[in-house]
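These notes concern the structure reproduced below.
The values are calculated or read from the model by the stated rules, or taken from the named source; none is laboratory data. Every value quoted in this text rests on a predicted model; they were computed, and no experiment measured them. All Cβ positions, even for glycine, are placed from backbone atoms using ideal geometry, and neighbour counts span all protein chains on display.
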Amino acid sequence: MAMFESLSDRLTLSLKKISGKASLSEKNIQETLREVRMALLEADVALPVVKSFVEQVKLRALGREVGSSLNPGQQFLKVVQAELEAVMGDKNESLNLAAQPPAVVMMAGLQGAGKTTSVAKLSRYLNEREKKKIMVVSADVYRPAAIEQLKTLAAEVNAVFFPSQEDQKPVDIVKAAIAAAKTQFMDVLIIDTAGRLHVDGEMMSEIKQIHAVANPVETLFVIDAMIGQDAVNTAKAFNESLPLTGIILTKVDGDARGGAALSVRQITGKPIKFLGVGEKTDALEPFHPERIASRILGMGDVLSLIEDVERKVDKKKAEKLAQKVVKGKRFDLEDLRDQLQQMKNLGGMAGMMDKLPGMGNMAQLAQQNQASSQFDRMECIINSMTPKERKNPDVLNGSRKRRITLGSGTSIQDLNRLLKQHKQMGKMMKKMKGKGMQNMMRGMGGMMPPGEGMPPGGLTKF
């Protein structure tokens, strides 16, 4: 996730200087806090939020909890982390769907914030993780093709689409959708509302009417993280007109500063419930302040990584490979291709490293070296082989290699590098024959252990 990249770099640098110190004075605390303050302002965090944050950290740092501790530098870091969490909300706040079905969830926000996509992402999230039956409806009668877009997305995410027309009144659409959701025994009805390019009176009065008719259990404000300070002002305006229950922050992957995430909770008093972290319909993460604070301070987010692995890894394939290796069978190119696909599902090297403690910078390197396009190229080479060649790469002679590289649009060096890498991984797998390997593969979901079995700079040179 690119979010917080620059903030994380700045903060880790300034906090590193202080965390090793055996004793803290008011002077070095002041210096560090000045750097922290600059880092937050540059990350587009709202000024009142920066002020109160720095004030709180200073109070606690000069107080007893840091001064009297055995390792004041480390303790100072803990204070910063705790205060970051407090700014963003103390814990993850999930949706409150405990209502007489259907529980109505209403989406509000400006045009282009990603409301319709967020409706689809949320539908998929609730369907897959909470096993809910979802109906979606669009009350956006102004934007051309808005209704059509939701219809397409609904089919993709296994949600029931309630049809609406551009000549209907939004309030009538919502009434009809609620009636249909009741008769079809839906668990949740998600309403997509119209956005405007800016906050205006007409829009606000319409959305208030919809809210009155729908009586939603959740009114979520969808906001684009990339508009920085403006995001906070818009949230404030909506919050004054609508009883918001939470916020979905979208396009988080495109914003390296991350200021909106740190400001929006404090300014509106409403919790961020989800982060939209990409284009795909599964790119929605519950917002955990403690994990985000840890990521900002370069301490990784191992819990989210474990959840990713649990959810996205193909257990059957992992088990099959584990069995194969335990029995001492050969690790072939089909297996390598499975491994590459698993890695891609987890967001590739960069996506994984981003969540490992102290690996944030490595994640950037992996991204710069375009790990995912290297995975694609490797996969492409393997796809250009015959099943026989994949099972037994030793048969690859000069003419076969030429055919494969022509078919995959790659060079002989690319192919030889892949074969070398595969050979090294095969040797490693052989060494790990037996139960130990089986347990490790099961735990990791069959992903290739980063670093091992890769030639120096392995994937980066591909």
For residues in segment 124-157 being of a type in the set (Ser, Thr, Tyr) and at pLDDT 90 or above, which is nearest to Pro170 (Cα to Cα)? Ser138
Filtering helices (runs of 4 or more DSSP H) wholly in segment 384-462 for at least 1 residues that are modelled with pLDDT of 80 or more, loosely packed, with under 13 Cβ neighbours inside 10 Å and over 34 Å from the mean Cα position of the chain (by Cα) gives 387-391, 398-408, 412-431
If a residue must be under 18 Å from Val213 (Cβ atoms) and among the basic types (Lys, Arg), how many such residues does segment 127-169 contain? 1
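Collect the residues in segment 393-407 that are among the charged types (D, E, K, R) and farther than 14 Å from Asn383 by Cβ, keeping them in residue-number order.
Asp394, Arg400, Lys401, Arg402
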Does Val36 qualify as being part of a helix (DSSP H, G or I), at pLDDT 85 or above and among the β-branched types (Val, Ile, Thr)? no
Within the group Glu93, Glu128, which residue is over 30 Å from Thr12 (Cβ atoms) and under 22 Å from the mean Cα position of the chain (by Cα)? Glu128
If Asn71 passes every condition in (1) touching a Phe, Trp or Tyr at 6+ places or on another chain (Cβ under 6 Å); (2) at pLDDT below 65 but one, which one does it miss? (1)
Out of (1) under 19 Å from Ser123 (Cα atoms); (2) out of contact with any Asp or Glu (no Cβ under 8 Å at 6 or more places or on another chain), what's the single condition that is false for Asp167? (1)
Kindly provide the set of residues from segment 94-140 that are more than 22 Å from Ala179 (Cβ to Cβ), of a type in the set (Val, Ile, Thr) and either touching a helix residue (DSSP H, G or I) at 6+ places or on another chain (Cβ under 6 Å) or outside the structural domain of Asn158 (by TED's automatic domain parsing) (or both), ordered by number. Thr116
Could you tell me how many of the residues in segment 112-147 are in a loop (DSSP other than H, G, I, E, B) and in contact with an Asp or Glu (Cβ under 9 Å, 6 or more places away or on another chain)? 11
Positions within segment 83-134 being farther than 15 Å from Lys270 by Cβ and among the basic types (Lys, Arg), in sequence order: Lys115, Lys121, Arg124, Arg129, Lys131, Lys132, Lys133
